[in-house]
Amino acid sequence: MNFPTNHDTVEPVRSPTETPIKIAEPTAKIENMEITPTPIAIRPADLPQPRDHCGQLSIEYMSLLTQEQFINKLTEPCRYDKLVKPQTDGPLNVFLQVDLRHVEAIDSLQFKSHMVLQYSYRDQRLDFTNISKNRDTIMGQEILRDKIWVPHVIVRNEKDTFIMGSDGKDVFVTIRPTGHVTYSYRMTLTFYCWMNLKKFPFDTQLCDIIWNSWAYNTSNLLLRWKSDTPVKIAPNLHLTEFVLTGNWTEYGEVPMTFAQGGRIGNYSSLTFKFQLSREVGYYILDYFLPSILLVCTSWVTFWLQADASPPRATLGTSTMLAFITLNGGVTKNLPKVSYIKASEIWFLGCVIFIFSSMAEFAFVNVIWRRKKKVEMKKQNPKYILKGALTPSLARKQLRKAESENSLFKSFSSNSLDGNALRNTQKNYLTVHGFPTSNIPSINTQSSDEYSKCDESVTSIPIPDDFIGPSQVTYKQQWHTMTPQEVANWIDKKSRIVFPLSFLVFNIFYWTFVYAL
């Protein structure tokens with residue numbers, strides 16, 4: 001049997017019905033070409049996903065998820081209920097830290113502050129150390145806050161509160177692998193501060209901000225201050241009207257009075273107290289110094305002539321109106337309290353001095369316009385004022401009564417010395433300058449009988465130059481001043497009395513302000 005060699009062509013054996021297959025030869029030869037295999041992307045959904053009854057994923061699967069996907073799986077409703085606080089053996093401890101950035105006074109009872117609050121607590125349901133070991137802290141803003149449980153804490157003495165932010169609310173949440181949650185937000189708080197204004201504007205106020213739990217009482221949740229630095233105060237914090245002189249923190253409980261519903265029991269509270277001292281520089285420059293100058297301006301009337309009614313009246317009324325307007329600008333924002341404030345004592349004192357200067361002008365103007373001279377016993381301040389205030393008819397009666405009183409004293413002394421006879425015996429007194437035939441006779445009586453006599457009996461006409469046996473002169477020397485002299489004398493004395501009185505008032509007032 002002859003076998004074909006390698007050089008012989010061997011034709012395949014075909015069946016009669018088989019159609020030969022022709023293979024087209026390549027038209028081009030590919031040389032030196034390397035083929036790189038295309039990688040196939042493995043998606044988390046393509047991996048095996050063993051699930052339990054809560055839909056919890058395997059460790060390999062959780063490690064491949066993005067942060068958003070991871071938190072969505074971690075907070076699935078089947079395993080996480082954000083309406084329920086974290087389960088603990090006792091009450092949940094929530095630690096608070098405050099970063100105070102700005103405080104300003106809106107009015108006398110309200111303050112506005114900007115601060116950052118930070119709450120720290122542990123939620124065991126968010127512990128993912130055994131689920132995704134390679135994952136670090138989860139951070140997010142308002143979207144993350146809406147997926148988890150956060151404590152609801154209110155400010156007890158607030159008027160208005162809102163979370164700050166331009167594009168959205170300034171909220172930030174961090175979740176560590178151990179389940180420790182830090183919830184922070186930036187807020188503007190307007191709160192009440194009940195002030196004691198008795199020494200306004202030299203007062204020192206004690207204000208507080210009280211936080212307390214809203215939904216859970218002390219058996220479920222306790223608020224705690226962060227131990228290291230509970231309150232951080234900005235180094236450049238400056239109040240417009242006050243100076244922060246001290247601050248401290250306190251724990252406490254807020255009792256509720258409801259007998260049923262959600263607000264039953266005592267609720268944990270945290271109090272931040274701070275002491276404020278009012279800066280008096282504004283009030284010294286804009287209130288006290290101008291009021292002192294206005295009071296001194298009212299004294300200018302003492303250097304004007306008493307009959308210069310238009311300038312003196314205009315000056316007095318203008319200073320009074322200017323001071324009332326000045327006081328109204330300072331006290332318009334103060335509450336209407338029932339007690340007297342230190343500023344009101346100053347206001348009343350200055351008003352009294354301004355009004356007294358106006359009353360002094362009216363008094364000297366009336367005296368200036370009198371026609372008769374003013375008679376006085378002695379020319380000293382007591383009798384000058386007494387003569388100016390006493391009408392002429394009253395002065396005549398006064399002179400008559402004084403003369404009779406002097407005569408009665410003389411007769412009583414003579415009867416006691418034994419130089420005159422009692423009862424109906426007559427005494428003869430020698431009157432110089434009169435004839436002996438016309439010597440007046442005087443009936444002397446006992447002191448008891450004399451006191452029982454009516455006025456008609458005791459009225460005895462006596463000459464002006466009558467001299468008794470004891471050589472005592474009964475004539476009183478009366479001085480006279482013109483009304484113009486009296487008016488000018490009162491003005492001169494007022495120039496000294498008013499400033500000295502105002503100085504004494506200032507000494508007592510500033511001693512009360514700073515010493516008491």
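The values are calculated or read from the model by the stated rules, or taken from the named source; none is laboratory data. Quick caveat, the model's predicted, so the values are computed rather than measured. When we count neighbours, we look across all protein chains shown, and the Cβ atoms used for this are built from the backbone with ideal geometry, even at glycine. Ligands, DNA and RNA are excluded from the accessible area calculation, which covers all protein heavy atoms including side chains. Shrake-Rupley method; radii C 1.70, N 1.55, O 1.52, S 1.80 Å.
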Unsatisfied cross-links (Cα-Cα over 18 Å) in the set K199/K273; K232/K273; K199/K336
K199/K273
For S356, placing the label point 7 angstrom along Cα-to-beta-carbon and taking segment 281-309, residues whose amide nitrogen sits under 17 Å are 292-303
For segment 117-198, which whole-number percentage of the solvent-accessible area (1.4 Å probe, protein heavy atoms only) is attributable to carbon and sulfur atoms?
47
Under 15 Å from the 7 Å Cα→Cβ point of L109, by amide nitrogen: which residues of segment 193-217?
193-198
Distance in nm between pseudo-label sites at K372 and Y251 (7 Å out along the Cβ direction from Cα)
8.9
Might you tell me the accessible area per residue for segment 274-338, computed with a 1.4 Å probe and given in Å²?
51
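Are there chymotrypsin sites (Phe, Trp or Tyr not before Pro) in segment 337-367 that DSSP marks as loop and that have at most 13 other Cβ atoms within 10 Å, and which are they?
On the way: sites: Y339, W346, F347, F353, F355, F361, F363; in loops: Y339.
Those that pass, being in a loop and sparsely packed, are Y339.
For segment 155-309, divide the Cα radius of gyration by the Kirkwood radius and give the resulting Rg/Rh value with two decimals.
Numbers: Rg = 25.0 Å, Rh = 20.5 Å.
For segment 155-309, the value is 1.22.
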One finds the C-alpha centres of segment 159-190 and segment 272-346 to be spaced, in Å, by 48
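Report in % the part of the accessible area of segment 303-351 that belongs to carbon and sulfur, leaving out ligands and nucleic acids; probe 1.4 Å. Can you show the working numbers first?
Working: 1780 of 2620 Å².
That fraction is 68 percent.
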Measure off, as a whole percent, the carbon and sulfur share of the 1.4 Å-probe accessible area of segment 203-262, all protein chains present.
52
Quick one: if you stick a label point 7 Å off each Cα along the C-beta vector at K198 and A234, how many nm between them?
3.5
Extension gain K133-N506, at 0.36 nm per residue separation less the Cα-Cα distance, in nm?
126.6 nm
With each pseudo-label sitting 7 Å past Cα toward Cβ, what's the D89-L244 distance in nm, one decimal?
3.9
